[in-house]
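A.B. asks: Let me begin by handing over the structure; questions about it come next.
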Amino acid sequence: MLFDNFPRIKLMDCETPLQRLYNYGSFTGLDTLYIKRDDFMELGMGGNKIRSLEFWLGEAKKEGCDVVLVAGLPPSNLCRLTAAACARLSLECHIIHNASPDLHSSVKTGNPLLNSLLGAKIIYCGDVDEYKRHDFTVDYKKELEKEGKKPYIVGDPVLGAMGYVCAAHELVSQCEREHIDLKHIFLSASAGPTETGFLFGLCMAAQNIKLHLVSVEYDRVFFLSIMEDIFTKLSQSLNVLPSLKPSDVIVFHDEYLGEGYGKPTSQSIQSVKNLAMNEGIFIETTYNAKVFAALEDLAFKGDIGKDEAVCIYHTGGTAALFGQGEYFKQQ
Ligand SMILES: *Cc1c(COP(=O)(O)O)cnc(C)c1O
């Protein structure tokens with residue numbers, strides 16, 4: 001089968017729910033709106049990185065590693081979910097934050113709080129960019145090796161993407177079972193693995209579905225070049241050439257990015273509230289809120305047909321919302 005050559009550790013007990021949004025659907029004027037709940041998983045409060053960790057930690061276990069290294073900013077969902085998966089698998093987890101330790105606030109919240117509860121070791125490499133953080137992480141790994149440890153760094157984009165090839169197949173089969181003729185899927189576009197894996201799975205499934213990627217980080221040219229690179233490598237690793245091309249499937253939106261990664265827009269802040277007030281479902285501001293803002297705008301403008309079935313992909317990360325209260329102060 002597709003993933004036979006890739007060791008995988010199961011971290012999810014079942015499919016994530018595909019749920020109809022009746023109230024938010026009427027709010028946006030869409031007759032059939034669904035949400036795919038990857039925020040709804042049993043481990044570590046869930047989120048998209050769990051699907052990638054099945055492959056990353058599968059490789060770590062196969063290589064006989066005993067320490068897992070993960071790098072990110074303090075609010076990172078990847079760091080929290082890696083720590084949670086390591087807790088379950090009895091692996092040591094070291095988190096490298098490109099930040100300085102916050103000596104002023106003694107009360108932790110959001111993902112940093114969860115990281116400490118999960119027992120991960122936290123290392124700060126100072127306020128540097130992600131490239132310097134990567135160099136630091138590689139040096140740190142060498143230090144551990146000198147001590148006789150076997151460390152593994154999570155994050156390989158091609159392995160990570162495999163988790164979302166599976167997610168696309170899961171969603172397509174849910175739609176088939178429930179006789180949903182999906183026309184549009186909305187998903188955030190950030191570092192690439194999640195989106196490319198999902199795209200790859202959709203291209204394999206060869207259905208008439210548009211994948212709307214809403215940028216929360218990079219511009220079109222840069223993002224599409226990352227995606228093309230991961231797509232090609234994925235195709236080689238899996239030895240599959242999907243029947244559809246990415247350009248048959250993708251609609252890329254960078255007009256909802258605002259001032260950049262992590263910076264909310266007034267519409268995205270409003271979308272957090274719209275979803276909460278209509279459905280009792282929470283999203284954070286870095287990723288999902290901008291996707292909901294895009295959906296609202298396109299639906300209001302009539303760019304999405306009222307009678308076309310739409311699914312918005314909730315990638316999780318809700319724990320980060322507790323560190324985003326400042327954006328709602330005046331509200
Ligand atoms: C990391 C993350 C994403 C983006 O995934 P990438 O594969 O890094 O692009 C989207 N949503 C949430 C909640 C995340 O934590």
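The values are calculated or read from the model by the stated rules, or taken from the named source; none is laboratory data. Nothing here was measured: the structure is a model prediction, and the numbers come from that model. With ideal geometry, Cβ positions are generated from the backbone for all residues, glycine too; neighbour counts draw on all protein chains shown. Keep in mind that these areas ignore ligands, DNA and RNA; they rest on the heavy atoms of the full protein, side chains included. Shrake-Rupley method; radii C 1.70, N 1.55, O 1.52, S 1.80 Å.
A.B. asks: Which one of these is under 19 Å from F40 (Cβ atoms) and more than 15 Å from the ligand (Cβ to nearest atom): A299, A309, A276, A319?
C.D. replies: A276
A.B. asks: While we're looking at this one, here's another question. Just the residues that are of a type in the set (V, I, T) and either out of contact with any helix residue (DSSP H, G or I) (no Cβ under 8 Å at 6 or more places or on another chain) or open to solvent by 30 Å² or more (accessible area, probe 1.4 Å) (or both), please, taken from the range 10-34. Walk me through how you get there before you give the answer.
C.D. replies: Here is the first cut: in the range 10-34, the ones of a type in the set (V, I, T) are 16, 28, 32.
Within the range 10-34, just T32 meets the criteria.
A.B. asks: Something else now. Quickly run through the range 45-60 and pick out the residues that are touching a Phe, Trp or Tyr at 6+ places or on another chain (Cβ under 6 Å) and either without any contact (Cβ under 8 Å) to a residue 40 or more places away in the chain or surrounded by fewer than 24 Cβ atoms within 10 Å (Cβ to Cβ) (or both).
C.D. replies: None; the set is empty.
A.B. asks: Follow-up question, since we're still on this one. Could you tell me which numbered condition S243 fails, if it satisfies all but one of (1) open to solvent by 50 Å² or more (accessible area, probe 1.4 Å); (2) under 22 Å from the mean Cα position of the chain (by Cα)?
C.D. replies: (2)
A.B. asks: Something else about it: Hey, any hits in the range 75-84 for a residue that's surrounded by fewer than 19 Cβ atoms within 10 Å (Cβ to Cβ) and touching a residue at least 24 places away in the same chain (Cβ under 8 Å)?
C.D. replies: No, every residue in the range 75-84 fails to be surrounded by fewer than 19 Cβ atoms within 10 Å (Cβ to Cβ) and touching a residue at least 24 places away in the same chain (Cβ under 8 Å).
A.B. asks: Would you please list the contacts, defined by Cβ atoms under 9 Å and residues six or more apart or on different chains, that run from a residue in the range 215-237 that is more than 20 Å from T315 (Cβ to Cβ) to a residue that is surrounded by fewer than 13 Cβ atoms within 10 Å (Cβ to Cβ)?
C.D. replies: Going by the 9 Å Cβ cut-off, the qualifying pairs are S235/L241; S237/N5.
A.B. asks: Taking the condition out of contact with any helix residue (DSSP H, G or I) (no Cβ under 9 Å at 6 or more places or on another chain) and surrounded by 19 or more Cβ atoms within 10 Å (Cβ to Cβ), does T137 pass?
C.D. replies: yes
A.B. asks: Under 6 Å between Cβ atoms, at least 6 apart or on separate chains: pull out the pairs that start in the range 25-44 with a residue that is on the phi > 0 side of the Ramachandran plot and end on any residue that is buried (at least 17 other Cβ atoms within 10 Å of the Cβ) and of a type outside the set (D, E).
C.D. replies: From the range 25-44, the pairs are G29/A299; G44/L81; G44/A84.
A.B. asks: Does F252 fit the bill of being aromatic (F, W, Y) and under 18 Å from M162 (Cα atoms)?
C.D. replies: In short, no.
A.B. asks: Next question, about the same structure. Give just the number: which of (1) in a loop (DSSP other than H, G, I, E, B); (2) surrounded by 20 or more Cβ atoms within 10 Å (Cβ to Cβ); (3) of a type outside the set (S, T, N, Q) does G262 not satisfy?
C.D. replies: (2)
A.B. asks: In the range 211-222, what residues are surrounded by fewer than 21 Cβ atoms within 10 Å (Cβ to Cβ) and closer than 11 Å to S190 by Cβ? Lay out the reasoning, then the answer.
C.D. replies: At the first step, the residues of the range 211-222 found to be surrounded by fewer than 21 Cβ atoms within 10 Å (Cβ to Cβ) are 217-222.
Scanning the range 211-222 gives E217, Y218.
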